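Engineer: One structure is given below, represented as structure tokens, and several questions about it will come after.
The values are calculated or read from the model by the stated rules, or taken from the named source; none is laboratory data. What you see is a predicted model; the values in this text were computed from it and never measured. Neighbour counts are summed over all protein chains in view; Cβ atoms, including those assigned to glycine, are modelled from backbone coordinates with ideal geometry. Only protein heavy atoms, including side chains, enter the accessible area calculation; ligands, DNA and RNA are left aside. Shrake-Rupley method; radii C 1.70, N 1.55, O 1.52, S 1.80 Å.
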Amino acid sequence: MPGNVLGTLAHLENLTVNTVGYRLCFAEEFAELTHLQQLSIYGNAKHINEKSFENVQQIKSLYLNSMILTNFSEIAFEPFKKLDVLYLHGVRTGVDNLLLALKPFRGRNMTVIYLDSISMFEHDSYPGFIKNDGVLTFSKTQYLLEVCVREFTLSFSEIYVIQENAFRSDIWERCLVKLDLSANPLLGTKAAFIRLLNFKNIEMINMDNMMRRCFSTSGENDDDLGGTEFIDDAALTPTQLSCTVASDISYHSTPAYSTRANKEDNFVSNTKRSAPTKSKKQPVDTCKSTYSPTKFVWVTVSNSLQRLQLHASLSSTRVDINVKFIGAQSLTYLDVGRGKLYKFRGIITGLDALQTLILSENDLSSLSEAFFDSFCHLEELDLSDCSLGVDFISRYSDRLLRNLLNLKRLDISLNLLNSLATDTFTVNRELEMLNLAKNRFRTIPFSLQNTPNLKVLDIRKNSLSTIELGDRELLDILAKQPDGFKLLLSGNEISCDCDNFRFLHWLTTTHVQLDDITIACFDVNNNTTNFRLFVDVDRFFRKCLGGFFLTVAISLFLLIVIGFLVFFFVLKHKLFIRSAILKVFTGYKLKAQSDYRIGVFIGYSEHDYTFPCFNLRTFIEDELGLNTYLYHRDMNGPDMARSIVDAINASWRIILVVTSSFLFQDEWSAFTYTSAIYSQTWENPSRIVVLVDTSLQHLLPAEILSAVNDDNIIVVPDWELTSTLQQQLMSRLIQ
């Protein structure tokens, strides 16, 4: 590398390089980077010797990533005098080589030593077994144990044996805060780990995913593997057990604190194996169980331990014993999931501060309803895939959770449950996340009124076909929370028939956050279709409710039409209708022709007398046989008005011959038609007949139009007495 390049980077603090050569070496120019703090190295280098880092000795953090080293010097780290963080990931040089290379750090304080995936043989421990790589003994870890390191990780490195003295160190007991040995197929006794639980300042221990077989050692020399032997699980004796907790426990009877004679079998104890004493730091309050055990097991841990991860690391163990933890007032997280634990009939006390408990993938088919009584500060509980008893949960789920007043997250998925007890979650008012996935629930199995703070409900892959209206309303209320509400619903047997339309429509309108916009539906023939929310709802609406609403629309239209027809009919024949009503309810009868002295009164203009006095009169008298009144002929006395009124009142029918002179010239025309209108009563509702010229039809007075039925207004073109007009007159004048 040209010297002038590094010369411009005098204040560089962080450097990442990708090597391409066989041998790793930093030239003298790197020594000029006096401010360099962190160095990250990737690449294909395969040889690191004592001179590789002599020009970067000023760094405090070293990261080696993804390297396969065929030659790694034991004193390669000798130049680092200030190194505080050592991070190796995917550096395939072997566990033994790297542990020996820690020799320069003896007597030093370091923050992190992180060794991940450093085994010589990736994904295969058997070559390592043959070559003795991956067997931790005191002679191999002696340099490591002399480093006062705060956080140590040795994961994914095919470690299968850790002998008891491999981590025995006063320095570590004082300095170590976090320990990660996860993802190693460990074999052998737990005695090596018992001491770790009691390290003075230990806060976190991660031993996840230690899937292993039982293994023991009998050789006195820890470097000699000649005494190692594999033990079949079925052939274990109590003194040989190295994979079961039962061989490492101490039983006590209340009130006497007696111990077993064989102290080496104690599960957890102090260094001097003395009886447990109370911690100086007492919890704020104590969770109490309704059951007081008479026989229990003491488990002593460090007062500083906060997190213990043993996921997939415990062997087949019964939990029908009563366990009392001593010194666990700081322990807030415990993961023993996938641990082959079974028969949870005992009582566990002393974990008053525990907030998270992972029990997933254990066998809880035999579970005491009082098992969780002492975990009153628990906020997260994972019981997924635990073979929970269906009948037990349906009867005692409320009792099981009765003391968990602070519970916020609960997972009971993958247990084939079909119901919960009626009062479940009544006291768990703080519940925020609930996972009911992969069960057999047909409805939401609890009252949402009991969970006012619920934010996430996972009910995927159950047997729900719908959600009832009451639950939908409560879900909408939960969605009004500041953070909203999320419902995970996919994988259920949602019904797509028309009876379930309201629920499907709710899915498209609710403010509840849904996990998927496509839901698998099952129709009446059990055919599966995909219901796409916000896309298919209109089509589904037409299919299910279109016919109904079309029928309603047609019915309303017909009602409106009929209403208009009835309105016009009533308006037109209101006198007939009133007369008919009076006849039905009062016995009132319509008058007949025989009740009148005069047959037809003919009202006309004296200027147009020819048609009414000759043609019309002759037809009525000769053809219809009715007598007529013409005021020119039949008026009695000098009082014409009186004569007209008397004649109108005495007439069966009144014909008004409306000509131009009748409307505009004749002085008696208005009096005549007004008197005729007033004479029309319920007794004779069709009394008036109007004959009008075609050109004058639109000029008829409003009084005539409002009082005379349209059928009684006859248009007469050219004032000729045609056969049509004769038929019209006959139908209106003859009763």
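Engineer: Give me the pairs, please: first residue somewhere in region 78-100 and surrounded by fewer than 17 Cβ atoms within 10 Å (Cβ to Cβ), second residue anywhere and assigned to a helix (DSSP H, G or I) and at pLDDT 90 or above, beta-carbon distance under 9 Å, and either six or more positions apart or on two chains.
Structural biologist: Partner pairs satisfying both residue conditions: Lys81/Pro104.
Engineer: So how many residues does region 342-363 have that are open to solvent by less than 20 Å² (accessible area, probe 1.4 Å) and aromatic (Phe, Trp, Tyr)? Can you show your working first?
Structural biologist: Of all residues in region 342-363, those open to solvent by less than 20 Å² (accessible area, probe 1.4 Å) come to 344, 346-347, 351-352, 354, 356-360, 362.
After this cut, where a residue has to be aromatic (Phe, Trp, Tyr) as well, the list is 344.
Residues that pass the stated criteria total 1.
Engineer: Could you list all residues from region 431-465 that are surrounded by fewer than 21 Cβ atoms within 10 Å (Cβ to Cβ) and of a type in the set (S, T, N, Q)?
Structural biologist: If the condition is that a residue be surrounded by fewer than 21 Cβ atoms within 10 Å (Cβ to Cβ) and of a type in the set (S, T, N, Q), then Thr443, Ser447, Gln449, Asn450, Asn453, Ser463, Ser465 are the ones that fit.
Engineer: Scan region 398-430 for residues that are buried (at least 21 other Cβ atoms within 10 Å of the Cβ) and at positive phi and report the count.
Structural biologist: Going through region 398-430 one residue at a time, the tally reaches 1.
Engineer: Kindly indicate which of Leu454, Leu464 is assigned to a loop (DSSP other than H, G, I, E, B) and within 22 Å of Gln355 (Cβ to Cβ). Steps first, answer last, please.
Structural biologist: Numbers: Leu464 fails: within 22 Å of Gln355 (Cβ to Cβ).
Testing whether each residue is assigned to a loop (DSSP other than H, G, I, E, B) and within 22 Å of Gln355 (Cβ to Cβ) leaves just Leu454.
Engineer: Which condition breaks for Glu621 when tested against (1) under 22 Å from Asp595 (Cβ atoms); (2) assigned to a loop (DSSP other than H, G, I, E, B); (3) without any contact (Cβ under 8 Å) to a residue 24 or more places away in the chain; (4) not small (Gly, Ala, Ser)?
Structural biologist: (2)
Engineer: Is it the case that some residue within region 55-64 is in a loop (DSSP other than H, G, I, E, B) and of a type in the set (A, V, I, L, M, F, W, C)?
Structural biologist: First, the residues of region 55-64 that are in a loop (DSSP other than H, G, I, E, B): 55-60.
Of the ones still in play, those that are also of a type in the set (A, V, I, L, M, F, W, C) are 56, 59.
Yes - at least one qualifying residue is present in region 55-64.
Engineer: Could you grab me the full set of residues in region 604-642 that are surrounded by 15 or more Cβ atoms within 10 Å (Cβ to Cβ), at pLDDT 90 or above and farther than 25 Å from Asn709 by Cβ?
Structural biologist: Cys613
Engineer: Since Ser374 meets every condition but one in (1) assigned to a loop (DSSP other than H, G, I, E, B); (2) of a type outside the set (Val, Ile, Thr); (3) modelled with pLDDT of 95 or more, which condition does it not meet?
Structural biologist: Of everything listed in (1) assigned to a loop (DSSP other than H, G, I, E, B); (2) of a type outside the set (Val, Ile, Thr); (3) modelled with pLDDT of 95 or more, Ser374 misses just condition (3).
Engineer: Only one of these conditions is not met by Leu381: (1) assigned to a loop (DSSP other than H, G, I, E, B); (2) closer than 18 Å to Phe446 by Cβ; (3) open to solvent by less than 30 Å² (accessible area, probe 1.4 Å). Which number is it?
Structural biologist: (1)
Engineer: Can you find a residue in region 24-47 that is open to solvent by less than 50 Å² (accessible area, probe 1.4 Å), within 30 Å of Ala166 (Cα to Cα) and outside any strand (DSSP E or B)?
Structural biologist: No, region 24-47 has no match at all.
Engineer: Can you confirm whether region 654-673 contains a residue that is modelled with pLDDT under 90, more than 23 Å from Pro717 (Cα to Cα) and in contact with a Ser or Thr (Cβ under 7 Å, 6 or more places away or on another chain)?
Structural biologist: no
Engineer: Identify, from the list Asp516, Asp476, Asp483, the residue that is at negative phi, surrounded by fewer than 18 Cβ atoms within 10 Å (Cβ to Cβ) and touching a helix residue (DSSP H, G or I) at 6+ places or on another chain (Cβ under 9 Å). Before the answer, list the steps.
Structural biologist: Values: Asp516 fails: touching a helix residue (DSSP H, G or I) at 6+ places or on another chain (Cβ under 9 Å); Asp483 fails: touching a helix residue (DSSP H, G or I) at 6+ places or on another chain (Cβ under 9 Å).
Residue meeting the stated conditions: Asp476.
Engineer: Another question, if that's okay. Restricting attention to region 554-576, which residues are open to solvent by less than 50 Å² (accessible area, probe 1.4 Å) and either at pLDDT 85 or above or in a helix (DSSP H, G or I) (or both)?
Structural biologist: Restricting attention to region 554-576, the residues satisfying the condition of being open to solvent by less than 50 Å² (accessible area, probe 1.4 Å) are 563, 573, 575.
Within region 554-576, Gly563, Leu575 qualify.
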